[in-house]
Amino acid sequence: MTESSEWLIYRGAGEPHDGMARLPAPPPWRDFASRDAAGRNGDGSEDRRLGAHRHMAELHRPGAEELEMINAALYLRRPLLVTGSPGAGKSTLAHSVAYELGLGNVLRWPIVSRSTLQDGLYHYDAIARLQDVQIAAAPQGTDPATPGAPGSVDGIGSYIRLGPLGTALLPSDTPRVLLIDELDKSDIDLPNDLLNVLEEGEFAIPELERVADRLPGGEAEVLTADGTKALVRDGRVRCRTFPFVVLTSNGERDFPAPLMRRCIHLELERPDHRRLATFVRAHLGDEAARAGDDLIAHFLERSRSELVAADQLLNAIYLVDAAAPPSRDRLADLLIQRLDRPR
């Protein structure tokens with residue numbers, strides 16, 4: 001094997017070999033095994049989002065305006081709408097606030113073109129409930145009128161799961177952090193549909209409202225978006241403390257004025273050399289940041305005329321550091337492809 005191909009794991013030679021044994025550990029932001037190590041009190045997202053070496057770097061040390069807007073949203077209990085180019089750190093901001101303020105795991109609602117308000121609030125599995133009623137009514141089955149039996153009125157909560165937005169609005173003494181990611185990818189109606197829920201901090205679950213008078217204490221136990229259980233009283237979820245809501249947008253569309261009026265708007269500028277170096281240092285360590293300093297400078301130069309993202313830079317620096325390919329600069333250019341080129 002030539003020196004130029006020593007870093008290759010897959011060689012395309014059509015012959016089986018044990019090259020996987022040489023594959024280094026995954027990049028920290030793609031190390032999903034950390035979820036197992038996180039245990040019950042974490043989901044492993046802190047290292048992947050904020051950096052496994054964040055103790056070595058002041059990651060996301062915001063500027064004055066950024067700090068002021070974040071704190072304004074906290075003080076005013078208003079959603080924070082964060083706009084900026086891909087890879088500017090919009091999503092990570094929510095994780096940074098949750099980590100520093102001890103607000104627990106971030107609830108994430110990734111938006112796609114088919115997302116509806118209902119997806120964010122709750123899901124009622126009527127088909128599963130009907131199936132359980134039929135099974136219970138079969139010979140030798142459980143009487144569905146028995147309290148707690150599948151399909152019984154007091155067991156209806158077993159078929160309801162709150163979405164990320166619904167979970168964030170559960171009553172609590174401290175706010176949850178909710179990330180509504182890439183809202184600009186939504187259907188045209190979703191931003192308007194969010195208005196009332198974000199303004200009032202509550203919503204109804206009609207399936208529970210209809211039977212609330214037949215539930216013990218008017219309460220039903222439902223499943224939450226993060227896998228725990230919570231009590232819903234009288235079929236309504238009402239927050240006591242408004243969650244810290246971060247809505248992100250890549251600027252692909254404008255939002256209606258009523259939504260803008262209810263949000264604190266923060267526009268993130270493209271990161272400079274110092275911030276990019278801090279970003280790399282937090283994820284890969286000080287040595288990788290120093291070794292990749294020329295790649296950071298090249299990335300900044302390209303970003304003046306091309307749309308590129310910081311996580312592309314992170315991929316390039318990790319790979320040239322972990323694999324040491326001979327075609328270092330060429331490989332980095334292949335990984336940092338402009339995002340605005342015609343496809």
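Given the options Ala291, Ala332, Ala310, Ala316, name the one that is surrounded by fewer than 18 Cβ atoms within 10 Å (Cβ to Cβ) and within 30 Å of Ala21 (Cα to Cα).
Working: Ala332 fails: surrounded by fewer than 18 Cβ atoms within 10 Å (Cβ to Cβ); Ala310 fails: surrounded by fewer than 18 Cβ atoms within 10 Å (Cβ to Cβ); Ala316 fails: surrounded by fewer than 18 Cβ atoms within 10 Å (Cβ to Cβ).
Checking each option against the conditions leaves just Ala291.
Listed here are the residues, each with its yes/no results for (1) part of a helix (DSSP H, G or I); (2) over 23 Å from the mean Cα position of the chain (by Cα).
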| site | (1), (2) |
| --- | --- |
| Thr278 | yes, no |
| Arg290 | yes, yes |
| Asp294 | yes, yes |
| Asp333 | yes, yes |
| Asp340 | no, yes |
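In the set Arg341, Arg274, Arg281, which member is of a type in the set (D, E, K, R) and either in contact with a Cys (Cβ under 7 Å, 6 or more places away or on another chain) or in contact (Cβ under 8 Å) with a residue 40 or more places away in the chain (or both)?
Arg281
Could you run through the stretch 316-343 and say how many residues are in contact with a Phe, Trp or Tyr (Cβ under 9 Å, 6 or more places away or on another chain) and either farther than 22 Å from Trp29 by Cα or polar (S, T, N, Q) (or both)?
1
Got a sec? Which of Val222, Val197 is modelled with pLDDT of 95 or more and more than 23 Å from Ala126 (Cα to Cα)?
On the way: Val222 fails: more than 23 Å from Ala126 (Cα to Cα).
That would be Val197, the only listed residue that is modelled with pLDDT of 95 or more and more than 23 Å from Ala126 (Cα to Cα).
If a residue has to be small (Gly, Ala, Ser), in contact with a strand residue (DSSP E or B) (Cβ under 8 Å, 6 or more places away or on another chain), closer than 23 Å to Ser115 by Cα and surrounded by fewer than 17 Cβ atoms within 10 Å (Cβ to Cβ) to count, how many in the stretch 202-230 make the cut?
1
Just to confirm my filter: which helices (runs of 4 or more DSSP H) fall fully inside the stretch 102-185 and include at least 2 residues that are buried (at least 16 other Cβ atoms within 10 Å of the Cβ) and modelled with pLDDT under 90?
On the way: elements: 117-121, 126-137, 164-168.
It comes to 126-137.
List the pairs whose first member sits in the stretch 1-25 and is over 30 Å from His283 (Cβ atoms) and modelled with pLDDT of 85 or more, whose second member is of a type in the set (D, E, K, R) and surrounded by 10 or more Cβ atoms within 10 Å (Cβ to Cβ), and whose Cβ atoms are under 9 Å apart, counting only residues at least 6 apart or on separate chains?
Matching pairs, first to second residue: His17/Arg11.
Quick one: what pairs do we get from the stretch 58-72, first residue within 23 Å of His283 (Cα to Cα), second aromatic (Phe, Trp, Tyr) and modelled with pLDDT under 95, C-beta under 7 Å, 6+ apart or different chains?
Qualifying pairs under 7 Å: Leu59/Phe279.
Does at least one position in the stretch 52-65 carry a residue that is farther than 23 Å from Leu190 by Cβ, surrounded by fewer than 19 Cβ atoms within 10 Å (Cβ to Cβ) and at pLDDT 85 or above?
If we filter the stretch 52-65 for residues that are farther than 23 Å from Leu190 by Cβ, which is where we start, we get 52-65.
Imposing the further condition that a residue be surrounded by fewer than 19 Cβ atoms within 10 Å (Cβ to Cβ) reduces the set to 52, 55-56, 58, 61-65.
Checking the rest, the ones that are also at pLDDT 85 or above come to 64-65.
Scanning the stretch 52-65, I find at least one residue that is farther than 23 Å from Leu190 by Cβ, surrounded by fewer than 19 Cβ atoms within 10 Å (Cβ to Cβ) and at pLDDT 85 or above, so the answer is yes.
The values are calculated or read from the model by the stated rules, or taken from the named source; none is laboratory data. This is a predicted model, so every value here is computed, not measured. Note that each Cβ is placed from the backbone with ideal geometry, even for glycine, and that neighbours are counted across all protein chains shown.
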